[in-house]
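A quick write-up on the structure given underneath.
The values are calculated or read from the model by the stated rules, or taken from the named source; none is laboratory data. Just so it is clear, the model here is predicted, and its values are computed rather than measured. Glycine gets a Cβ as well: all are built from the backbone with ideal geometry, and neighbour counts include every protein chain shown. Calculation scope for accessible area: heavy atoms of the full protein, side chains included, ligands and nucleic acids excluded. Shrake-Rupley method; radii C 1.70, N 1.55, O 1.52, S 1.80 Å.
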Amino acid sequence: PECRNVARREACLADPERFLKTYFAARYSRDFGKLHHAMIEAMLEIANHGGKQAIAAPRGRGKSEITRGMLCYLMCASMIHFPVVVCQTTKDAARTYRDFRKKIQNNELLYEDFPEICHPVRDLESAPQKAARQHIDDKLTGIEWTQESLRLANVREQYRNGQDFGGFRMEFRGLDAAIRGLNSEGDRPDFVIIDDPETKESAKSETQIADREQAIE
């Protein structure tokens, strides 16, 4: 289908805070604070210009929620093409990955404004094995949608809304897993989000802190 509301889509792509509060209003019902603004600006800066940046804050301030929302924004804005989510464990990283998948599968406003992302996913009807046969006008879309990784569908130009999301990927890792040398069919990550790399216990241990710093570097 065509984009339902082009003006809304363009306005939200131009303003990440508007994007979050429009498409995920229930999750971002409160005003953003200085920490949230700083996180949003930092992720925009890295997505646009590269580099590394760390932001620390107490638990319970919504860091992970902002991280997850901005991950979706940066993908929809075509600022990143192959993000990798990293958390202290693979299980924790999988939660962020599943959150992104749910946004694409279930969010009605996102479906209305970004059909070239969401419609091919819904067309699978929660059956990833259909991906290998999915096609548009007799041309395979190349979509992948598994519990471990995803690749967005190739949509023919006449059905796009000015953006080509074909081949966009996402994977996840824990600091307890192998991270180096990530490569999927010749594609390498262009953006890494590390969310909550430590636990209360590890933060008290100089050895565990050193291990985490080494893994991140």
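Need one word for the stretch 81-205: rounded, prolate or oblate. Basis is the Cα gyration tensor (sqrt eigenvalues a ≥ b ≥ c); a/c below 1.5 gives rounded, then a/b vs b/c decides. It is prolate, given that a/c is not under 1.5 and a/b is the larger ratio. The mean sequence distance of close C-alpha pairs (under 8 Å, at least 6 residues apart), as a share of the length of the stretch 24-112, puts its relative contact order at 23 percent. Axis angle, to the nearest 10 degrees, between helix 90-106 and the longest C-alpha principal axis of the chain: 30 degrees.
Restricting to DSSP H runs of at least four residues, report the calculated mean residue ellipticity at 222 nm for the chain, -39500 (n - 2.57) per run over all residues, nearest 500 deg cm²/dmol. Write out the running numbers ahead of the final one.
Details: 8 runs with 89 residues, N = 217.
Taking each H run of at least 4 residues, the total per residue is -12500 deg cm²/dmol.
Surface exposure of the stretch 7-96, expressed per residue as accessible area with a 1.4 Å probe, stands at 50 Å². Extension gain, residue 137 to residue 4: 0.36 nm times the residue separation minus the Cα-Cα distance gives 45.7 nm. Bridging of residue 91 to lysines at a Cα separation below 20 Å is possible for 63, 102, 103, 200, once same-chain residues fewer than 8 apart are set aside. Distance between the modelled labels on residue 199 and residue 126, one decimal in nanometres: 3.2 nm (7 Å Cα→Cβ projection).
A crude spin-label estimate for the pair residue 55 and residue 213, with each label 7 Å from Cα along the Cβ direction, gives 2.3 nm.
Scattering from the stretch 20-97 was approximated by placing one identical point on each alpha carbon and applying the Debye formula without solvent; log10 I(q)/I(0) at 0.22, 0.24, 0.27 1/Å stands at -1.25, -1.45, -1.60. Expressed as a whole percent, the accessible surface of the stretch 103-200 that belongs to carbon and sulfur atoms is 45, based on a 1.4 Å probe.
Based on a Kirkwood Rh over C-alpha pairs, give the Stokes-Einstein translational diffusion coefficient of the chain at 37 °C and viscosity 0.692 mPa s in µm²/s.
Values: Rh = 18.3 Å.
D, rounded to a whole number, is 180 µm²/s.
Per the Debye formula with a single identical scatterer at each Cα and no solvent contribution, what log10 I(q)/I(0) holds for the stretch 140-181 at q = 0.13, 0.19 Å⁻¹? Log10 I(q)/I(0), no solvent term: -0.39, -0.65. Working from Cα positions, state the angle (0 to 90°, nearest 10) between the long axis of helix 63-76 and the longest principal axis of the chain. Orientation of helix 63-76: about 30 degrees from the principal axis. Here the stretch 9-45 and the stretch 156-189 have alpha carbon centers that stand 23 Å from each other. Cβ-Cβ distance of residue 37 and residue 158, R₀ of 41 Å, FRET efficiency by 1/(1 + (r/R0)^6): the value works out to about 0.55.
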